[in-house]
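Okay, handing you the structure first.
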Number of protein chains: 2
Amino acid sequence: MTIQESTTARPAGRPRSEKAEKAIIEATLDLIAEGMGVSELSIEAIASRAGVGKTTIYRRWSNKEDLVVDALATLKAPLPPLLGESVRDDLIVLLDVMRKESGQARGRCVMNVAMSEADRYPRLMERFMKRAVEPRKLAMRVTLERGVASGELRPDLDVDLAMAMLSGTMMHNTKWAPAGDLPADLAERIVDAVMAGIGPQG
Amino acid sequence: MTIQESTTARPAGRPRSEKAEKAIIEATLDLIAEGMGVSELSIEAIASRAGVGKTTIYRRWSNKEDLVVDALATLKAPLPPLLGESVRDDLIVLLDVMRKESGQARGRCVMNVAMSEADRYPRLMERFMKRAVEPRKLAMRVTLERGVASGELRPDLDVDLAMAMLSGTMMHNTKWAPAGDLPADLAERIVDAVMAGIGPQG
DNA sequence: GCGTTGCGAAACTCAAGCGTATCGAAATTA
DNA sequence: TAATTTCGATACGCTTGAGTTTCGCAACGC
């Protein structure tokens with residue numbers, strides 16, 4: 001009221017450490033990336049890994065699930081810019097993001113958790129889907145619809161089925177392919193194969 | 001030596017109950033099917049569900065992982081007979097098995113565990129793959145190669161990629177599609193879409 | 001009948017981890 | 001400086017579950 005308290009009106013006392021907060025999130029993601037399921041993840045392990053007291057965690061999140069929700073939500077989906085030159089190129093860009101992510105532990109962890117623990121932690125999944133998956137699905141849908149309009153794709157295309165074909169084929173590779181890195185041109189090959197179909201007379 | 005001990009040479013004492021053994025396996029599969037991860041699975045829960053003492057479990061398996069390995073190995077993959085009339089029909093049969101299984105809790109559990117816990121329990125996965133996955137992959141591969149030879153599929157087909165397209169698209173649907181049953185003609189639609197491709201000039 | 005082995009039930013020890021409380025030190029405002 | 005709040009550390013009570021042991025009874029061979 002008197003002078004300026006305008007912007008934040010700090011509540012007095014030592015402020016919360018942003019560094020600690022980031023360390024907690026990072027530790028959580030690291031542990032998940034190392035193959036831990038949500039249920040195996042322990043607050044004590046997170047605190048230890050982050051070099052932080054348990055108190056500091058519980059002051060911010062009331063339980064493990066809330067923390068994991070925030071940690072996964074932190075993983076933003078930095079959608080690559082779609083050039084829009086050709087639908088084929090844009091689809092390759094979209095699929096190649098998946099390929100690249102599957103090579104990183106961070107990326108794998110997201111899929112692992114999403115695939116396996118959706119049943120057990122539906123609330124977690126809902127938020128995560130909105131944040132990380134929907135934007136990508138939307139981008140692919142827009143691209144496919146653009147292709148239908150432009151004649152680059154068949155006019156009677158089932159867009160949902162096409163999305164499943166593209167993403168599903170890439171996911172099948174990231175999950176089940178033999179160990180080691182995926183070939184650099186995988187996205188391109190998938191897009192071409194899905195466009196051409198496996199039937200005769202290419 | 002003396003008379004006949006030939007076939008089994010029973011070791012004297014009360015024989016182990018086959019009924020108990022089956023109940024244990026069934027209870028294990030049921031619990032996994034209900035959405036439990038391997039780590040959340042408790043021997044006590046299994047014993048209780050099976051109506052069996054913990055002793056009876058530990059007399060047969062030395063720990064949880066051994067039990068789960070045996071339980072999953074029990075799930076045989078009853079490959080449907082392939083009529084061999086047309087490659088298209090056979091592919092539909094193969095994919096429709098996946099669709100039907102995804103509607104059952106038992107089927108879901110297998111995929112859940114396979115997808116999510118492969119990193120943590122590699123030994124378990126190795127055995128499970130050999131038993132349940134490889135035969136199906138082989139069946140699909142044989143079918144596709146037959147299609148190439150007969151001219152039903154394009155001569156320059158990348159068989160591995162085609163397998164990923166077919167299985168991946170179905171898996172994408174079973175995992176990410178909106179809740180509820182999958183349409184009965186999904187396998188047919190996928191096979192036709194994958195054969196035709198999404199590009200122009202069907 | 002007798003020795004052996006399996007049975008389910010229950011009690012036990014041990015470890016991990018949750019969520020809370022308490023500590024002295026540090027950071028910040030008034 | 002005084003009040004307030006957070007910090008990391010540690011200890012605590014509590015629950016869960018692993019794996020073991022003991023119990024009385026049941027099923028088998030001899």
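A quick yes/no check of all residues on (1) near DNA strand C (Cβ under 9 Å from one of its atoms); (2) modelled with pLDDT of 80 or more; (3) over 24 Å from the mean Cα position of the chain (by Cα):
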site	(1), (2), (3)
A:Ser17	yes, yes, yes
A:Ile24	no, yes, no
A:Ala27	no, yes, no
A:Asp30	no, yes, no
A:Ser42	yes, yes, no
A:Val68	no, yes, no
A:Val87	no, yes, no
A:Leu91	no, yes, no
A:Val97	no, yes, no
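Sticking with this one: Only residues that are surrounded by fewer than 19 Cβ atoms within 10 Å (Cβ to Cβ) and either among the basic types (Lys, Arg) or in contact with a Ser or Thr (Cβ under 7 Å, 6 or more places away or on another chain) (or both): list them for segment A:45-69, please.
Within segment A:45-69, A:Arg49, A:Lys54, A:Arg59, A:Arg60, A:Lys64 meet the criteria.
Another question about this same structure. Name the one entry in A:Leu91, A:Leu124 that is hydrophobic (A, V, I, L, M, F, W, C), buried (at least 16 other Cβ atoms within 10 Å of the Cβ) and within 24 Å of B:Val159 (Cα to Cα). Full working, then the answer.
Numbers: A:Leu124 fails: within 24 Å of B:Val159 (Cα to Cα).
Step by step, each of A:Leu91, A:Leu124 is checked, and only A:Leu91 is hydrophobic (A, V, I, L, M, F, W, C), buried (at least 16 other Cβ atoms within 10 Å of the Cβ) and within 24 Å of B:Val159 (Cα to Cα).
Related question: Restricting the search to segment A:49-91, which residues are within 14 Å of another protein chain (Cβ to nearest Cβ) and either within 16 Å of DNA strand D (Cβ to nearest atom) or among the β-branched types (Val, Ile, Thr) (or both)?
Answer for segment A:49-91, where residues must be within 14 Å of another protein chain (Cβ to nearest Cβ) and either within 16 Å of DNA strand D (Cβ to nearest atom) or among the β-branched types (Val, Ile, Thr) (or both): A:Lys64, A:Val87.
Select, from B:Ala77, B:Ala9, the only residue that is more than 15 Å from DNA strand C (Cβ to nearest atom) and at pLDDT below 90.
Checking each option against the conditions leaves just B:Ala77.
Here's a follow-up. Quick one: would you say A:Glu134 is more than 7 Å from chain B (Cβ to nearest Cβ) and in contact (Cβ under 8 Å) with a residue 60 or more places away in the chain?
Judged against the criteria, A:Glu134 is not a match.
For segment A:133-144, state whether one or more residues are within 16 Å of DNA strand C (Cβ to nearest atom) and in a helix (DSSP H, G or I).
The answer is no, given that none of the residues of segment A:133-144 is within 16 Å of DNA strand C (Cβ to nearest atom) and in a helix (DSSP H, G or I).
Going through segment B:28-44 one residue at a time, which ones are surrounded by fewer than 16 Cβ atoms within 10 Å (Cβ to Cβ) and within 14 Å of another protein chain (Cβ to nearest Cβ)? Before the answer, list the steps.
Our first condition is that a residue be surrounded by fewer than 16 Cβ atoms within 10 Å (Cβ to Cβ); within segment B:28-44, this holds for B:34, B:39-40, B:42, B:44.
Within segment B:28-44, B:Glu34, B:Ser39, B:Glu40, B:Ser42 meet the criteria.
When you scan segment B:36-45, do you find a residue that is of a type in the set (S, T, N, Q), in a helix (DSSP H, G or I) and closer than 21 Å to B:Leu124 by Cα, even just one?
no
Report, ordered by the first and then the second residue, all pairs with beta carbons closer than 7 Å, sequence separation of six or more or different chains, a first member in segment A:18-44 that is closer than 11 Å to A:Ile57 by Cα and touching a residue at least 24 places away in the same chain (Cβ under 8 Å), and a second member that is within 10 Å of DNA strand D (Cβ to nearest atom) and part of a helix (DSSP H, G or I).
A:Ala20/A:Thr56; A:Ala23/A:Ala50; A:Ile24/A:Ala50; A:Ile24/A:Ile57; A:Ile43/A:Lys54; A:Ile43/A:Ile57
Mind checking which residues of segment A:148-202 are touching a residue at least 60 places away in the same chain (Cβ under 8 Å), over 20 Å from the mean Cα position of the chain (by Cα) and either facing chain B (nearest Cβ under 7 Å) or surrounded by 15 or more Cβ atoms within 10 Å (Cβ to Cβ) (or both)?
Of everything in segment A:148-202, those that are touching a residue at least 60 places away in the same chain (Cβ under 8 Å), over 20 Å from the mean Cα position of the chain (by Cα) and either facing chain B (nearest Cβ under 7 Å) or surrounded by 15 or more Cβ atoms within 10 Å (Cβ to Cβ) (or both) turn out to be A:Glu152, A:Leu153, A:Glu188, A:Ile190, A:Val191, A:Asp192, A:Met195.
The values are calculated or read from the model by the stated rules, or taken from the named source; none is laboratory data. The structure presented is a predicted model; accordingly, all values stated were derived computationally and were not measured. Here Cβ is always computed from backbone atoms with ideal geometry, including for glycine, and neighbour counts include all displayed protein chains.
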